[in-house]
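The values are calculated or read from the model by the stated rules, or taken from the named source; none is laboratory data. Just so it is clear, the model here is predicted, and its values are computed rather than measured. Counting neighbours? That spans all protein chains shown, and the Cβs are built from the backbone with ideal geometry, glycine included. Heads up: the accessible areas ignore ligands, DNA and RNA and are worked out on the full protein's heavy atoms, side chains in. Shrake-Rupley method; radii C 1.70, N 1.55, O 1.52, S 1.80 Å.
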Amino acid sequence: MLKHGKYVYVDLNNGKYIKVRILKSRDDNSAEKYILTNYVNKNKPKNGMIIKMDNLPIEVKDKITRFFL
């Protein structure tokens, strides 16, 4: 985990990973819990937790596909 669980990486299914900030005080199914950063990594992070894009709320998926795919 990076920064005490504040950040996770989302697998974009094309060999890239986007860094996402997690707000622990929000509901797990809420789109407000996930804050997208502009950091895209081509390599799999060593210490970072990786989340599949299918596990995210629909609003967050839409933002990722609109801006990063």
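Once you put a point 7 Å from the Cα of LYS42 and another 7 Å from the Cα of GLU59, both along the Cβ direction, what distance in nm separates them?
Result for the modelled spin labels: 3.4 nm.
From the backbone phi of the stretch 39-49, what are the Karplus-calculated ³J(HN,Hα) couplings (6.51 cos²θ - 1.76 cosθ + 1.60, θ = phi - 60°) in whole Hz, Gly and Pro given as x?
Once θ is set to phi - 60°, the couplings for the stretch 39-49 become 8, 10, 10, 8, 9, 6, x, 5, 9, x, 7 Hz.
In whole angstrom, how long is each semi-axis of the equivalent ellipsoid of the stretch 5-66, when you take the square root of 5 times every eigenvalue of its Cα gyration tensor and sort them from largest down? Provide the component values of the computation, followed by the final result.
Details: eigenvalues 63, 37, 17 Å².
Semi-axis lengths for the stretch 5-66 are 18, 14, 9 Å.
Return one whole number: the accessible area per residue of the stretch 24-69 in Å², for a 1.4 Å probe.
Numbers: 3670 Å² over 46 residues.
I get 80 Å² per residue for the stretch 24-69.
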